[in-house]
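Enquirer: This is the structure, below, for whatever I ask next.
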Amino acid sequence: MANHKGLIIDVDLRSHENNLAHHTREIDLERLIVRRGQPFTISLQCSDSLSPKHHLELVLHLGKRDEVVIRVQKERGAGDKWWFNQQGAQDEMLLTLHSPANAVIGQYQLAVLMMSPDGRIVEMADKMTFHLLFNPWCKDDVVYLPDETLLQEYVMNEDGVIYMGTWDYINSIPWNYGQFEDHVMDICFEVLDNSKGALKNSELDTENRSDPVYVSRMITAMVNSNGDRGVLTGRWDEPYSGGVAPYRWTGSVPILRQWSNTRMRPVKYGQCWVFAGVACTVLRCLGIPTRLITNFSSAHDVDGNLSVDFLLNERLESFDRRDRKDSSWNFHCWVESWMRRDDLLKGNDGWQVLDPTPQELSDGEFCCGPCPVTAIKEGNLAVKYDAPFVFAEVNADIVYWIIQQDGQRQKIREDQGSVGRNISTKSVYGDYREDVTLHYKYPEGSKKEREVYEKAGRRVTEPTSGRPEPGQLQLSIKHAKPVFGTDFDVIVEVKNEGGTDVHAQLTMLAMAVTYNSLHRGECQRQTISVTVPAHKAHKEALRLHYDDYVRCVSEHHLIRVKALVEAPGENEPIMTMANIPLSTPELLVQVPGKAVVWEQVTAYISFTNPLPVPLKGGVFTVEGGGLLSATEIHVDGNIAPGQNVAVKLSFSPMRTGVRKLLVDFDSDRLKDVKGVATVVVRKK
């Protein structure tokens, strides 16, 4: 800022040097963006005629209406105060500003005042702004994370991997967090500014923004649009008219930009991984170390009894109950953020669960957390926030009942170890899975696990020897890894461990479901009488044809097979179940040659239709942090069975470093096909 007439000729915020030192140069090089608890310098050029008796004062204004005014002290004071020191001659001065490690995050206005010896303002330079973020590099900041490898992943990495599927068939998709893309930081502060707390009491909200517990809780409430001006509207079944289907998103940036550009109109549509992906972007951008977690076989226990009950009729169909909200999801995504919990007793620091998917109200808001992962592992359910709900997500029992014609309930299956399996996150060492299940729970069957269950009030049953009683039948389902578009067999095996033959009725049912267990329709059903010889097994095949399952299968390509065996007088009815994901092809994405910043490169994308039917309305969506904004390429005409379609796209990378180019393909009959290429962008 130059002023050639006055005493203060120029103020240089030294954005390039400061942003480099504060790990914010990826966000912006022109604007000053610094982290709290770490000094930064500005330079002041003054007129030769400046009297040595004049002195400087610095004033900061904070908040949308300058609600908070901070006078920066001239010398070091208490640790929670801003202060500055100055070096240099009369005509050129270097000012070093020191922010406290618990300073409020946000946009500050800086005023430099030239004061006369008698305390009058002689001149003022006051049109300067900078942003202050959390500082996980600063040991006095409550978000301090003392490991540079973890910081590079959980704050600085813009590319992620999200795990999906089922606990025994885990797959993944790439995700562009893009927290350093143009204008994303500004949108993150817009998200905070539109929270209920900010709109109700902006002064109190501003003061609370020093606390990552408060900020992260506001973010999880604002990522969903339930009850506020939040970013994303959830929808868990088709049609996705009037918006974008959740599986079509490949990153957070288009979602945040659309919300901002439409004056805070909620973006349609999200599901759990989209909510979690957007929350991860915002929290990393603000400086809170964050990672995305997938919990496989995740329970949603509404009534807090640590049991999720499913009622079935005698045809194994879900009993229609209007009041039933308990559910079990094949997978569920949330985020963990790293922070010290000064509001709680010791032992609750570290990773905190935050769940932005709107499920239940928490203190009047659709948000969940922050809840210490250690509290979940130890069964400390009185800890803030929402510990009982999170504990149930990874520990609840699943119980299946048949409602008989006379209204009586009969228990046909109880799973005590099926919830909370293979809890996963992306490794800091590459694009592969790290299992964090033991962060949430002790090993299954261990003494410690039983102690935690007793403390949390969950029923504990004595482990059985595993040897079946005489006459007892055992039921299992086996299947290969089928490909979407093919016919395949599911094998149901009934084993008789008893000493006499058993005559039984076997029911096999295949239905299409969504990842969160919404039923989409029946694909195949078979009921037969079987005789199972003593000490032997009987096998039956259930043939599933593409023409049958394609009519009702969801975009998650998931088939659930249930088998029920009833042998009156011999055995209680027993049921078993398997979730069978249908695999889809991957896109081939290549970016040949060397990539140089601001020089054009070309990506080549190809795909072969694996289905026995033509595909209509094919569209590729391409995006990549530091490479290009989300771009659609429409395919002309139909794609015949077995036909290969190839497209190319030229773009100029905007930032150096290792980047990911993400591609999604969707059509009328085949959706959610993903591909990724790594692009190393060099300096000119």
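Enquirer: Go through (1) open to solvent by 10 Å² or more (accessible area, probe 1.4 Å); (2) of a type in the set (Phe, Trp, Tyr); (3) closer than 26 Å to Ile288 by Cα and name the single condition Phe391 misses.
Expert: Among (1) open to solvent by 10 Å² or more (accessible area, probe 1.4 Å); (2) of a type in the set (Phe, Trp, Tyr); (3) closer than 26 Å to Ile288 by Cα, the lone unmet condition for Phe391 is (1).
Enquirer: Looking at (1) buried (at least 20 other Cβ atoms within 10 Å of the Cβ); (2) within 29 Å of Leu311 (Cβ to Cβ), find the lone condition where Glu540 falls short.
Expert: It fails just one condition, (1).
Enquirer: Taking the residues in the stretch 13-60 that are among the polar types (S, T, N, Q) and assigned to a loop (DSSP other than H, G, I, E, B) as candidates, determine which candidate is surrounded by the most Cβ atoms within 10 Å (Cβ to Cβ).
Expert: Step one: of the stretch 13-60, the residues among the polar types (S, T, N, Q) are 15, 18-19, 24, 38, 41, 43, 45, 47, 49, 51.
Those left that are additionally assigned to a loop (DSSP other than H, G, I, E, B): 24, 38, 47, 49, 51.
On the way: Thr24: 22, Gln38: 19, Ser47: 16, Ser49: 8, Ser51: 12.
Among those that are among the polar types (S, T, N, Q) and assigned to a loop (DSSP other than H, G, I, E, B), it is Thr24.
Enquirer: So, one more: Mind listing whichever residues of the stretch 61-86 are open to solvent by less than 60 Å² (accessible area, probe 1.4 Å) and closer than 30 Å to Leu199 by Cβ?
Expert: Correct list: His61, Leu62, Gly63, Glu67, Val68, Ile70, Val72, Trp82.
Enquirer: Return yes when Thr527 is assigned to a loop (DSSP other than H, G, I, E, B) and closer than 30 Å to Pro612 by Cα and no when it is not.
Expert: Values: assigned to a loop (DSSP other than H, G, I, E, B): no; closer than 30 Å to Pro612 by Cα: yes.
Here the answer is no, as Thr527 does not meet what is asked.
Enquirer: Can you give me the number of residues within the stretch 559-573 that are among the β-branched types (Val, Ile, Thr) and more than 12 Å from Gln505 (Cβ to Cβ)?
Expert: Total satisfying the criteria: 2.
Enquirer: Write out, first by first residue and then by second, each pair whose Cβ atoms fall under 6 Å of each other, whose residues are 6+ apart or on separate chains, and whose first residue, in the stretch 569-591, is of a type in the set (Lys, Arg) while the second is open to solvent by 40 Å² or more (accessible area, probe 1.4 Å) and in a strand (DSSP E or B).
Expert: That search, which allows pairs on different chains as well, returns nothing.
Enquirer: May I pose another question? Out of all the residues in the stretch 413-434, which are open to solvent by 20 Å² or more (accessible area, probe 1.4 Å), assigned to a strand (DSSP E or B), farther than 12 Å from Asn395 by Cβ and in contact with a Ser or Thr (Cβ under 6 Å, 6 or more places away or on another chain)?
Expert: Arg433, Glu434
Enquirer: Then there is this: Please find, within the stretch 183-210, the residue that is farthest from the chain's Cα centre (by Cα) out of those that are outside any helix (DSSP H, G or I) and without any contact (Cβ under 8 Å) to a residue 40 or more places away in the chain. Walk me through how you get there before you give the answer.
Expert: We begin by selecting, within the stretch 183-210, every residue outside any helix (DSSP H, G or I); these are 183, 194-195, 201, 209-210.
Applying the additional criterion that residues be without any contact (Cβ under 8 Å) to a residue 40 or more places away in the chain yields 195, 201.
Working: Ser195: 20, Asn201: 29 Å.
Only one residue tops the list, namely Asn201.
Enquirer: Given the conditions (1) in a loop (DSSP other than H, G, I, E, B); (2) open to solvent by less than 10 Å² (accessible area, probe 1.4 Å); (3) free of Cβ contacts under 8 Å to residues at least 60 places away in the same chain, and given that Ala382 satisfies all but one, which numbered condition is not satisfied?
Expert: Condition not satisfied by Ala382: (2).
Enquirer: Here's another thing I want to ask about it. Residues of the stretch 483-493 being within 18 Å of Leu509 (Cβ to Cβ), touching a Leu at 6+ places or on another chain (Cβ under 6 Å) and open to solvent by less than 10 Å² (accessible area, probe 1.4 Å), which ones? Give the steps one after another, and end with the answer.
Expert: Keep residues of the stretch 483-493 that are within 18 Å of Leu509 (Cβ to Cβ), which gives 487-493.
Among the residues that remain, those that are also touching a Leu at 6+ places or on another chain (Cβ under 6 Å) are: 488, 490.
Result: Val490, single match.
Enquirer: Might you check whether a residue that is surrounded by 14 or more Cβ atoms within 10 Å (Cβ to Cβ), closer than 27 Å to Val513 by Cα and of a type in the set (S, T, N, Q) occurs anywhere in the stretch 562-572?
Expert: As a first pass, look at the stretch 562-572 and keep what is surrounded by 14 or more Cβ atoms within 10 Å (Cβ to Cβ): 562-567, 570-571.
Filter once more, keeping what is closer than 27 Å to Val513 by Cα: 562-566.
Next cut, of a type in the set (S, T, N, Q) only: none.
No; the residues of the stretch 562-572 include none that is surrounded by 14 or more Cβ atoms within 10 Å (Cβ to Cβ), closer than 27 Å to Val513 by Cα and of a type in the set (S, T, N, Q).
Enquirer: List, please: which pairs have Cβ atoms under 8 Å, are six or more places apart or on different chains, and start with a residue in the stretch 362-374 that is closer than 11 Å to Val213 by Cα and open to solvent by less than 40 Å² (accessible area, probe 1.4 Å) and end with one that is in a loop (DSSP other than H, G, I, E, B) and of a type in the set (Phe, Trp, Tyr)?
Expert: Here the result reads Gly369/Tyr385; Pro370/Tyr385; Cys371/Tyr385, each pair linking the stretch 362-374 to a residue that is in a loop (DSSP other than H, G, I, E, B) and of a type in the set (Phe, Trp, Tyr).
Enquirer: Let me ask something else about it. Could you please let me know if Tyr163 is touching a residue at least 24 places away in the same chain (Cβ under 8 Å), open to solvent by 10 Å² or more (accessible area, probe 1.4 Å), more than 29 Å from Leu628 (Cα to Cα) and under 24 Å from the mean Cα position of the chain (by Cα)? Give the derivation first.
Expert: Numbers: touching a residue at least 24 places away in the same chain (Cβ under 8 Å): yes; open to solvent by 10 Å² or more (accessible area, probe 1.4 Å): yes; more than 29 Å from Leu628 (Cα to Cα): no; under 24 Å from the mean Cα position of the chain (by Cα): yes.
Spelling it out, it is not the case that Tyr163 is touching a residue at least 24 places away in the same chain (Cβ under 8 Å), open to solvent by 10 Å² or more (accessible area, probe 1.4 Å), more than 29 Å from Leu628 (Cα to Cα) and under 24 Å from the mean Cα position of the chain (by Cα).
Enquirer: Does the stretch 166-178 hold any residues that are open to solvent by less than 40 Å² (accessible area, probe 1.4 Å) and part of a loop (DSSP other than H, G, I, E, B), and which are they? Walk me through it before giving the result.
Expert: Initial filter on the stretch 166-178 (open to solvent by less than 40 Å² (accessible area, probe 1.4 Å)): 166, 173-178.
Hits for the stretch 166-178 are Tyr177, Gly178.
Enquirer: So if I check each of Gln38, Gln45, which one is within 36 Å of the chain's Cα centre (by Cα) and in contact (Cβ under 8 Å) with a residue 24 or more places away in the chain?
Expert: After applying the criteria, what remains is Gln38.
Enquirer: Suppose we filter the stretch 435-458 for residues that are surrounded by 12 or more Cβ atoms within 10 Å (Cβ to Cβ) and part of a loop (DSSP other than H, G, I, E, B); how many remain?
Expert: Residues that pass the stated criteria total 6.
Enquirer: Find all pairs meeting these conditions: Cβ atoms under 7 angstrom apart; at least six residues apart or on different chains; first residue within the stretch 257-268 and of a type in the set (Val, Ile, Thr); second residue open to solvent by 40 Å² or more (accessible area, probe 1.4 Å).
Expert: Pairs that qualify, where the first residue is of a type in the set (Val, Ile, Thr) and the partner is open to solvent by 40 Å² or more (accessible area, probe 1.4 Å), are Val267/Gln258.
Enquirer: Right, Arg520: assigned to a strand (DSSP E or B) and either of a type in the set (Lys, Arg) or buried (at least 21 other Cβ atoms within 10 Å of the Cβ) (or both) or not?
Expert: On the way: assigned to a strand (DSSP E or B): yes; either of a type in the set (Lys, Arg) or buried (at least 21 other Cβ atoms within 10 Å of the Cβ) (or both): yes.
When the stated conditions are applied, Arg520 passes them.
Let's see how each residue does on (1) assigned to a loop (DSSP other than H, G, I, E, B); (2) closer than 30 Å to His519 by Cα; (3) open to solvent by 30 Å² or more (accessible area, probe 1.4 Å):
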{"position": "Val215", "(1), (2), (3)": "no, no, no"}
{"position": "Asn226", "(1), (2), (3)": "yes, yes, yes"}
{"position": "Gly230", "(1), (2), (3)": "yes, yes, no"}
{"position": "Gly242", "(1), (2), (3)": "yes, yes, yes"}
{"position": "Pro254", "(1), (2), (3)": "no, no, yes"}
{"position": "Gln258", "(1), (2), (3)": "no, no, yes"}
{"position": "Gly277", "(1), (2), (3)": "no, yes, no"}
{"position": "Ser297", "(1), (2), (3)": "no, yes, no"}
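Enquirer: Do any strands (runs of 3 or more DSSP E) entirely within the stretch 593-684 hold 2 or more residues that are over 29 Å from the mean Cα position of the chain (by Cα) and surrounded by fewer than 13 Cβ atoms within 10 Å (Cβ to Cβ), and if so, which?
Expert: Numbers: elements: 601-608, 619-624, 628-634, 644-651, 657-666, 673-682.
It comes to 644-651.
Enquirer: Please work out which residue is least open to solvent (accessible area, probe 1.4 Å), limiting yourself to the stretch 104-154 and to residues that are basic (Lys, Arg) and under 24 Å from Val59 (Cβ atoms). Full working, then the answer.
Expert: Pass one, the stretch 104-154, residues basic (Lys, Arg): 120, 127, 139.
Still in the running and under 24 Å from Val59 (Cβ atoms): 120, 127.
Working: Arg120: 138, Lys127: 166 Å².
Within the stretch 104-154, the match that is least open to solvent (accessible area, probe 1.4 Å) is Arg120.
The values are calculated or read from the model by the stated rules, or taken from the named source; none is laboratory data. Treat the numbers as computed from the prediction; the structure is a model and nothing was measured. Methodologically, a virtual Cβ is constructed for each residue, glycine included, from the backbone with ideal geometry; neighbour enumeration extends over all protein chains shown. All accessible areas refer to the heavy atoms of the entire protein, side chains included, with ligands and DNA or RNA removed. Shrake-Rupley method; radii C 1.70, N 1.55, O 1.52, S 1.80 Å.
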